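A.B. asks: Dumping the structure here so I can ask a few things about it.
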Amino acid sequence: MKKGLNVRPYLPLFMNELLDGDMDQRYESCHALLDTFSNAVSRTKVLFSDECAIYRSACDRNVVFWSKENPNFMQELEHNPPHVMIWAGMTSDYQTGPYFFDGPVNAASYSAILETWLIPQLRDRGLLDDMWLQHNGAPAHFALSVRDVLNEHFPGHWIDRGSPPSPAPLPWPPHSPDLTTPDNSL
């Protein structure tokens with residue numbers, strides 16, 4: 001195809017848009033995280049968590065577009081295609097999950113996973129008092145009812161998007177790519 005038709009393969013790219021005001025907030029968030037977790041021992045106390053949607057058909061995987069010029073391809077996605085939501089959490093020496101949601105991830109289901117599944121596990125292992133919970137600030141994570149649960153069980157020890165009202169004790173940098181360990185393993 002390259003020699004005969006003079007075309008090249010291009011992969012579609014999925015990107016998070018960075019806004020003009022994000023750079024200063026990202027810089028401040030990173031410094032706050034580095035100051036709080038300045039040594040290796042303190043970094044082992046962060047439970048990185050994420051959800052992952054597994055779709056019935058993953059037609060966006062291994063797709064290549066052959067073209068003479070970069071097509072900058074955009075694809076309209078089906079709204080709410082059939083899928084399963086999975087949650088997992090990891091520290092440097094501890095893994096919890098996967099947890100399979102029964103239905104959509106919303107404030108009620110996320111509060112339920114925290115109160116009935118994650119917090120009891122951390123308490124049983126003696127990790128709850130020292131653990132910092134990081135999540136990415138999805139709407140379900142940022143609901144008032146979820147923040148109440150976090151403030152009760154992780155007082156001053158959670159990381160989320162840092163915007164008002166009632167920002168997290170430590171802000172996660174805005175528009176961060178989904179590169180947490182759980183997301184990659186899921």
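A.B. asks: For residues that are assigned to a strand (DSSP E or B) and in contact with a Leu (Cβ under 7 Å, 6 or more places away or on another chain), scanning just the range 36-49, find the one that is farthest from P98 (Cα to Cα).
C.D. replies: Among those residues, the one meeting the criterion is L47.
A.B. asks: For the range 39-53, name all the residues that are farther than 20 Å from F154 by Cα and either among the polar types (S, T, N, Q) or surrounded by fewer than 15 Cβ atoms within 10 Å (Cβ to Cβ) (or both).
C.D. replies: Listed by number, the residues that qualify are N39, A40, A53.
A.B. asks: Which one of these does H153 not meet: (1) within 17 Å of the chain's Cα centre (by Cα); (2) within 25 Å of F37 (Cα to Cα)?
C.D. replies: (1)
Bear in mind these aren't lab numbers, they're just calculated from the coordinates by the rules spelled out. The structure displayed is predicted, hence computed values, not measured ones. Cβ atoms come from the backbone with ideal geometry, glycine included; neighbour counts cover every protein chain shown.
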